[in-house]
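Trainee: Got a structure for you, questions after.
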Amino acid sequence: MNNVKKLFMYMKPQNRFFYLSIALLILNIVLGMVNPYLQRLFVDKVLLKKDTTLLIKLVGLMISLSLITSLFNYLFTLLVEFSSQKTVSSIRQELYRHLQELSFSFYDKARTGELMSRLTGDLEGIRVFIPGGFLQFINSIVTFLIALIILFTINYKLTLLSLCLSPFLIYISSIFNKKLRSAFKDIRQEYAVLNTTIQENITGIKVVKAFVQELSEINRFKSVNKENMAKNIKVGYISGKYAPIMWFIGDISFVILIWFGGFLVQQHEMSLGELVQFNGYLWAMIWPLRALPNILNMFEQANTSGERIFGLLNQKPQIKNPENPVTVDKIYGNIVFENVSMKYDGEYVLKNINLSVEKGKKLAIMGATGAGKTSLVNLIGRYYDATEGKIKIDGIDIKQIDLYKLRSSIGIVMQETFLFSDTIKNNIAFGKPDATMDEIIEAAKAAEAHDFILEMPNGYNTIVGERGVGLSGGQKQRISLARAILKEPSILILDDATSSVDMETESLIQENIKNIAYGKTTFIIAHRISSVKDADEIIVLDNGYIVERGTHKELLKRKGIYYHNFREQYRTMMGEKAMDDLLQEVNA
Ligand code: UTP
Ligand code: MG
């Protein structure tokens, strides 16, 4: 029940309202206890002694009591709703904040559907627990105790006799509780699988259709859906079996009451009114015992949900902001890699990388797919940390620079572009929300995006992304490029940023970038020679190693991978002969 305890920590700010609702609840229980007493008076005084004036008083009292309890009930519901919603909303906020802090590596492994079910289904489990579990628990305990005390004062013999069945009730409840615990764990797990399946199918629906896998997807879902249903039915089956047992025991208690109680009335040890009153309190005492399984059930549910929610909150971000960051006013962008190696899951993907890129210089990175290009640039902004070696910016180890400062100074176009369901304008201004319209247009122009944006239905106010206008791959890349440029970063990283753009537009962008990148340290990953040939240094990665490095000319002279790439790309473009002449010239 540790997780339930943690839940109450989140309730603290709402404690005032929560305590007030508990007070109202207890008041209502006490008021409810008056009724059987009035019934006793009704039988003994009104029916048996024909006291009609008392009848009017009793009726008046009963109506007023009912009015007051209704009012209290109303206030109680409001207060409970307020405090439970507020608590859950603050946990949700905390979860969301936490999700922003977790590192890239967490998201490499996390499943979106599962995370979604934490923030929805699991939180709902917690929310319903507050009124349905915790307050019901208080309700049961208080009702049970008060009823028990009153029962003893009416007739202790009858009370003891009626109580003889309660050990059974408690025993059965505990068995029930154990069975439900595992059943609920299964349900939550299955719910997450269900969510993940739906989410992945929707995200990948185009692939599903293109590969005509709708039927097999439907069948796969059928089994997940069935499993989910089965797990839920199992809970129904467990509760279904136990509830009648509880009712049966309750009924037996009633039989004992009329049998032995009737005998006591006949013996004049009790009045008829007292028997009626006793019956009222007996039910008040028994229902909490019957409700117990349901309440324990809620505790279980809240506990499993809590375990998953707090488990997520306990995930520590792998990349942490340094506790005492070195104070830097501005990051200039002199970048040095010292013997950097990097592993993913135990496998080296970068080995002994040594680099030095001065402020304002341009480093181009080439290499086959999977060579480690993206992994290398991802280290600069500490999206991942190097396993060995050091990366320094302006002479300071990046692990000692404030993370926000570091990342703010980097403008990156990632290999996989992502745009938000928002206007083009807001997408470009994502990293600099206070940018003026002129700045946005300037960035878009530099990324060769301005013209096609103007052709969109609402220009810069056109909504793109999931719910918006469809964009081509190249258009998305150009908007991402504008987004990176607008930040005015000291370090610009372009990871295959123009791979989907046609050659002509690409060379226009290259021209623009020359101006934009002026003074900025630029890392450019590309496959086209035309994109990299002007770089101050070009490195070629192979299997995590730098296998070639130098300027365009130097690399052509080396006749290695770069040279062969060049031949491949230029042969068809300029013809074998012209190309050979060009290479001769270079080598001369
Ligand atoms: P990269 O993603 O760095 O390769 O992965 P790359 O050079 O940029 O390749 P392209 O041109 O974009 O295709 C380098 C290695 O790291 C592994 C990959 O399997 C690859 O072998 N890797 C990458 C992981 O193990 N986990 C990851 O999250 C990413
Ligand atoms: Mg890559």
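The values are calculated or read from the model by the stated rules, or taken from the named source; none is laboratory data. Being a predicted model, the structure only gives us computed values, none of them experimental. Counting neighbours? That spans all protein chains shown, and the Cβs are built from the backbone with ideal geometry, glycine included.
Trainee: State all residues of the stretch 48-67 that are in a helix (DSSP H, G or I) and touching a residue at least 12 places away in the same chain (Cβ under 8 Å); if no residue qualifies, say none.
Mentor: At the first step, the residues of the stretch 48-67 found to be in a helix (DSSP H, G or I) are 52-67.
Across the stretch 48-67, the qualifying residues are Leu54, Leu55, Leu58, Leu61, Met62, Leu65.
Trainee: Still on this structure, please answer the following. Name, by its number, the condition in (1) free of Cβ contacts under 8 Å to residues at least 40 places away in the same chain; (2) closer than 30 Å to Asp329 by Cα; (3) in contact with a strand residue (DSSP E or B) (Cβ under 6 Å, 6 or more places away or on another chain) that does not hold for Ala444.
Mentor: The number of the failed condition is (3).
Trainee: Go over the candidates Phe72, Phe8, Phe17 one by one and state the one that is surrounded by 15 or more Cβ atoms within 10 Å (Cβ to Cβ), within 35 Å of the chain's Cα centre (by Cα) and part of a helix (DSSP H, G or I).
Mentor: Phe17
Trainee: Oh, and also: Go through the stretch 234-251 and give me each residue that's surrounded by 12 or more Cβ atoms within 10 Å (Cβ to Cβ) and either under 30 Å from the mean Cα position of the chain (by Cα) or over 30 Å from Leu165 (Cα atoms) (or both).
Mentor: Lys234, Val235 - these are the residues of the stretch 234-251 that are surrounded by 12 or more Cβ atoms within 10 Å (Cβ to Cβ) and either under 30 Å from the mean Cα position of the chain (by Cα) or over 30 Å from Leu165 (Cα atoms) (or both).
Trainee: Does Ile546 satisfy being of a type outside the set (Gly, Ala, Ser) and farther than 23 Å from Glu439 by Cα?
Mentor: It is true that Ile546 is of a type outside the set (Gly, Ala, Ser) and farther than 23 Å from Glu439 by Cα.
Trainee: Now for a separate question. Residue pairs, Cβ under 7 Å, 6 or more apart or interchain, first in the stretch 148-176 and over 15 Å from Ser253 (Cα atoms), second polar (S, T, N, Q) and part of a helix (DSSP H, G or I). List them.
Mentor: Once the first residue is over 15 Å from Ser253 (Cα atoms) and sits in the stretch 148-176, its partners that are polar (S, T, N, Q) and part of a helix (DSSP H, G or I) give Phe152/Thr159; Ile154/Gln277.
Trainee: Next question. How many residues are in contact (Cβ under 8 Å) with a residue 12 or more places away in the chain, polar (S, T, N, Q) and within 16 Å of ligand 1 (Cβ to nearest atom) when one looks only at the stretch 364-401?
Mentor: Number satisfying all stated conditions: 4.
Trainee: Also: Scan the helices (runs of 4 or more DSSP H) fully inside the stretch 466-554 and keep the ones with 1 or more residues being under 24 Å from Glu568 (Cβ atoms), away from ligand 2 (no atom under 16 Å from the Cβ) and touching a Leu at 6+ places or on another chain (Cβ under 8 Å).
Mentor: Result: 503-516.
Trainee: So, one more: Looking at the stretch 422-451 only, could you name the residues that are under 24 Å from Ile524 (Cα atoms) and more than 29 Å from the chain's Cα centre (by Cα)?
Mentor: Glu439, Ile440, Ile441, Glu442, Ala443, Ala444, Lys445, Ala446, Ala447, Glu448, Ala449, His450 - these are the residues of the stretch 422-451 that are under 24 Å from Ile524 (Cα atoms) and more than 29 Å from the chain's Cα centre (by Cα).
Trainee: Pick out, from the stretch 104-222, the helices (runs of 4 or more DSSP H) lying fully within it that include 2 or more residues that are buried (at least 17 other Cβ atoms within 10 Å of the Cβ).
Mentor: Result: 112-117, 123-129, 136-154, 156-163, 166-203.
Trainee: Being under 34 Å from the mean Cα position of the chain (by Cα), away from ligand 1 (no atom under 16 Å from the Cβ) and under 30 Å from Gly470 (Cβ atoms) is the requirement here; does Leu419 meet it?
Mentor: yes
Trainee: Which of the numbered conditions does Gly372 fail, given that it passes all the others? Conditions: (1) more than 16 Å from ligand 2 (Cβ to nearest atom); (2) over 20 Å from Ser480 (Cα atoms).
Mentor: Here Gly372 meets the rest and fails (1).
Trainee: Here's something else I'd like to know. Do the conditions hold for Gln315, that is, is it in a loop (DSSP other than H, G, I, E, B), away from ligand 2 (no atom under 16 Å from the Cβ) and either basic (Lys, Arg) or in contact (Cβ under 8 Å) with a residue 40 or more places away in the chain (or both)?
Mentor: yes
Trainee: Okay, next question. Can you run down the residue pairs with Cβ atoms below 8 Å, 6 or more apart or on separate chains, where the first is in the stretch 80-108 and aromatic (Phe, Trp, Tyr) and the partner is in a helix (DSSP H, G or I) and surrounded by 15 or more Cβ atoms within 10 Å (Cβ to Cβ)?
Mentor: From residues that are aromatic (Phe, Trp, Tyr), the pairs are Phe82/Gln14; Phe82/Phe17; Tyr96/Leu119; Phe104/Asn378.
Trainee: Identify all residues within the stretch 225-259 that are in contact (Cβ under 8 Å) with a residue 40 or more places away in the chain and of a type in the set (Lys, Arg); write none if there are none.
Mentor: Lys231, Lys234
Trainee: Continuing with the same structure: Suppose the filter is among the hydrophobic types (A, V, I, L, M, F, W, C), buried (at least 21 other Cβ atoms within 10 Å of the Cβ), more than 22 Å from Tyr37 (Cβ to Cβ) and in contact (Cβ under 8 Å) with a residue 12 or more places away in the chain; does Ile295 pass it? Lay out the reasoning, then the answer.
Mentor: Details: among the hydrophobic types (A, V, I, L, M, F, W, C): yes; buried (at least 21 other Cβ atoms within 10 Å of the Cβ): yes; more than 22 Å from Tyr37 (Cβ to Cβ): yes; in contact (Cβ under 8 Å) with a residue 12 or more places away in the chain: yes.
Here the answer is yes, as Ile295 does meet what is asked.
Trainee: Another question, if that's okay. Quick one: Lys514 ticks every box in (1) surrounded by 17 or more Cβ atoms within 10 Å (Cβ to Cβ); (2) closer than 28 Å to Tyr383 by Cα except a single one, so which number is it?
Mentor: (1)
Trainee: Which ones in the stretch 377-426 are out of contact with any Gly (no Cβ under 9 Å at 6 or more places or on another chain) and within 16 Å of ligand 2 (Cβ to nearest atom)?
Mentor: Correct list: Val377, Asn378, Leu379, Ile380, Gly381, Tyr383, Tyr384, Val413, Met414, Gln415, Glu416.
Trainee: When you scan the stretch 325-363, how many residues do you find that are hydrophobic (A, V, I, L, M, F, W, C), buried (at least 20 other Cβ atoms within 10 Å of the Cβ), under 24 Å from His552 (Cβ atoms) and away from ligand 1 (no atom under 13 Å from the Cβ)?
Mentor: Here the count works out to 4.
Trainee: Answer yes or no as to whether Ser490 is touching a Ser or Thr at 6+ places or on another chain (Cβ under 8 Å) and within 18 Å of Ile509 (Cβ to Cβ).
Mentor: Taking the combined requirement at face value, the residue does not satisfy it.
Trainee: Do you know which residues across the stretch 260-285 are aliphatic (A, V, I, L, M), more than 15 Å from Ser166 (Cα to Cα), touching a residue at least 12 places away in the same chain (Cβ under 8 Å) and in a helix (DSSP H, G or I)?
Mentor: Residues satisfying the conditions are Leu264, Leu272, Leu275, Val276.
Trainee: Moving on. Which one is nearest to Met366 (Cα to Cα) among residues in the stretch 542-588 that are among the hydroxyl-bearing types (Ser, Thr, Tyr) and either surrounded by 16 or more Cβ atoms within 10 Å (Cβ to Cβ) or at pLDDT 80 or above (or both)?
Mentor: Taking the candidates together, the pick is Tyr562.
Trainee: Which one of these does Thr304 not meet: (1) part of a loop (DSSP other than H, G, I, E, B); (2) touching a helix residue (DSSP H, G or I) at 6+ places or on another chain (Cβ under 8 Å)?
Mentor: Thr304 satisfies every listed condition except (1).
Trainee: Then there's this: Out of the residues in the stretch 521-538 meeting the condition of being buried (at least 23 other Cβ atoms within 10 Å of the Cβ) and of a type outside the set (Gly, Ala, Ser), tell me which one is modelled with the lowest pLDDT.
Mentor: Val532
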